[in-house]
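In what follows, a single structure is set out as structure tokens and then discussed.
The values are calculated or read from the model by the stated rules, or taken from the named source; none is laboratory data. Model, not experiment: these values are computed from the prediction. Cβ placement follows ideal geometry from the backbone for every residue including glycine, while neighbour counts extend to all protein chains displayed. The protein model used for the area step is the full one, side chains on, heavy atoms only, and it has no ligands, DNA or RNA in it. Shrake-Rupley method; radii C 1.70, N 1.55, O 1.52, S 1.80 Å.
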Amino acid sequence: MTQRKSGWARWRAKQEAEARARGEVPSREVVSLRQLLEMDVSLVRLGRRVGAARLRVAEALEALGSSGGHLRLGFPSFSAYVLERCERTGAWAARERVVARQMARLPRVREALRRGEISWSAAEVVGRIATEETEAEWLELARSRTVRQLRVMVKEGGGGATATVATSETADDAEDERVTLQITMSRDEAWMFDVTRRLVRAIARTSANDEVVDAMLAEAATLILALTGEAVSEDGAARRWDEVDQEAAAAQRAELEAYCEELMQTVEVPVLDEDDESLPQGERELDEVIRAGCAELARRDLALGEVAARFLAARGWGRLGYASEAQYVRERVGMSVSGLKARVTLARRAERLPEVGAALQAGTIGFEAALLLGRVAGAGTEAAWVTRATERTVKHLREEVDAVETLAVIEQRAPTPPSDALMAEFQAIEAWALAGGPMRGTEPEIARDSSESDGTPAPTKDADAPGQDDGDSTPQTIQMSASQDDERLVLRSGAGTVTVRLRLRADVAEFWQRVRREWRRTGVGASFIAFLVASVWKAWGHTLDEEVRYREIYRRDRWQCSNPVCSRRDVTPHHLVFRSQGGSDEADNVIALCVTCHLELLHGGRIAAEGTAGRTSWRIGTQGGASLVEVVGRRRLQRAA
């Protein structure tokens, strides 16, 4: 156990050093106790101000979503509306709407939350258990008890479903341990690994890296079972010890938190002067409230993150007598650790990129755009990326940041805003993959610039990849099954090596290591990455590129809705010039649209699409006034109002 702790400490020190070198972790500064106390008061007040702003936005979102207003505004789903208009995720909006519904039946709790008398965390607990008859009692408890104590009371007194609620709330405080895997591979293997991840994203309909990698590893484990007759070991003994350790640690945390609660100093929270105007009825008016509320929420998030970054770096929670970072954040700031750290990340990126921070403060860009730009912008490209963010929908900005990150690693391109031509080439690779190109050994139909590979290091052997090609240009054929000779995946090496970094949950990273250990036993003459890629294509390749009408259109559009604010994949063909008006079946007159965008929104007159497939002009929200979003090609002409 001592060795494990020592190793963990060394690993954490290395991670912090690497993050500090990237400018993500500020150097520790000497902070006095008086400064910590001042920051503590600021964090409490800022946390309550964020909670009040969240309530206003949540109520407006609930009013719009429950009435189906997003459809009348021209958005195919509520998640698509939230991403483009709020620059937040659909999951975030769903959680906020739950609290809005709870507060609607608990007016006194709602008023206390709006005025900052109780935190968002406390309101969530009370909202799930209180009734009209018990509201006053629970509100008094929320004012006088810690969130942990409230959860214990709910668990012990409520039973059944309420006990589950308490457990899930407690789980919110625990932050998933994350590690970084560094994998050396050939550049062509890196391309195949990237397009295979895109395949899994499309099939599983998820963009979460942990879920994508976990699904790929599961297919590799299945192929190992087929080849060896033995399943990948789950290391049950280690897992049982981990469970025992976790249970013991949870009990120790609870005991320590209870002890620390007796020593906590209560700081009076000033009552907030938040407006409590009634919400408008129309969807366009609600959209204005949501837009303004989200801009204000982003500013408050940024202010909270700035103070929290200094406080957490100084380990202020420990010096003020709290048992853990999670306890301090839950009880004083009123949110989960992951929620606060997202705001700290935002603040650190805004500090490193002042133009991004200024644009966020001014409302020129939103929360999601600021986080995206923080991944790729630098001192020489910051202004260009801010301009690019104002000219793209969030969907298109995500695509471009994702493309630039991939090209920076594999092709060693500078992370500058990509041209439309470069995006077309990059997306052709994804279209080729989704059409099953790797199964056929074909090349994507793009103009590869060979000059990009000049100066790359000579290929080297991966120590963890027995059988890897030594760098010649001979195609490396991977036999995917001894009984199916016609199923092959051809990868070519010899284009230099790159290092791909994967930031994963610790359990997924551990699964990666276990699958790799079992792969070594198979004796397959290829690298682990090649085996992993082949496993996915063996499992899913036969489902791709079905013989359907308009297949070439779907392939070109990557089996994704062409609407610049929609990412659904239940595609149908739409003729830009209707066939009833003389429109042809030529490829330039047909685009892929999801069922909702096609039948309900476009034919319902809520969105409009004109021009050609290569340069479509879009108007989102055409009923009841000026369009909310206008896009030509990839360029947004009008910043969302």
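Relative to the Cα centre, the charge distribution of region 352-392, modelled as +1 at Lys and Arg Cβ and -1 at Asp and Glu Cβ, gives a dipole magnitude of about 100 debye.
Our coupling estimate for region 571-581, obtained by passing each phi through the Karplus curve with A = 6.51, B = -1.76, C = 1.60 and θ = phi - 60°, is 7, 9, x, 10, 8, 4, 9, 3, 4, 5, 10 Hz, Gly and Pro reported as x.
For Arg636, the amide hydrogen comes within under 5 Å of the amide hydrogens of Arg392, Thr393, counting only partners 5 or more places away or on other chains and with H modelled in the peptide plane. Near the amide H of Val590, within less than 5 Å, lie the amide hydrogens of Leu576, Ala613, all on another chain or at least 5 residues away, with H placed in the peptide plane.
From the Cα gyration tensor of region 282-368, with a ≥ b ≥ c the square roots of its eigenvalues, which class applies: rounded if a/c is under 1.5, or else prolate if a/b is larger than b/c, or else oblate? In terms of gyration-tensor shape, oblate. Using the Karplus relation 6.51 cos²θ - 1.76 cosθ + 1.60 with θ = phi - 60°, the per-residue 3J(HN,Hα) values for region 618-626 come to 10, 10, 9, x, 8, 8, x, x, 5 Hz, with x marking Gly and Pro.
Legend: residues Trp540, Trp618, sorted from most to least accessible area (1.4 Å probe; ligands, DNA and RNA excluded), read Trp540, Trp618. Rounded to the nearest 20 debye, the dipole size of region 538-641 about its Cα centre is 460 debye, using +1 on the Cβ of Lys and Arg and -1 on the Cβ of Asp and Glu. Region 505-560: which GluC sites (Glu not before Pro) are DSSP loop and have at most 16 other beta-carbon atoms within 10 angstrom? Those satisfying the criteria are Glu546, Glu547.
Region 308-355 and region 361-402 have Cα centres spaced 24 Å apart. The amide H of Gly496, built 1.01 Å from its N in the peptide plane, has Arg187 as neighbours under 5 Å, considering only residues 5 or more places off or on other chains.
Across region 595-601, rounded Karplus estimates of 3J(HN,Hα) from the backbone phi angles (6.51 cos²θ - 1.76 cosθ + 1.60, θ = phi - 60°) give 4, 5, 4, 6, 7, 8, 8 Hz, Gly and Pro being marked x.
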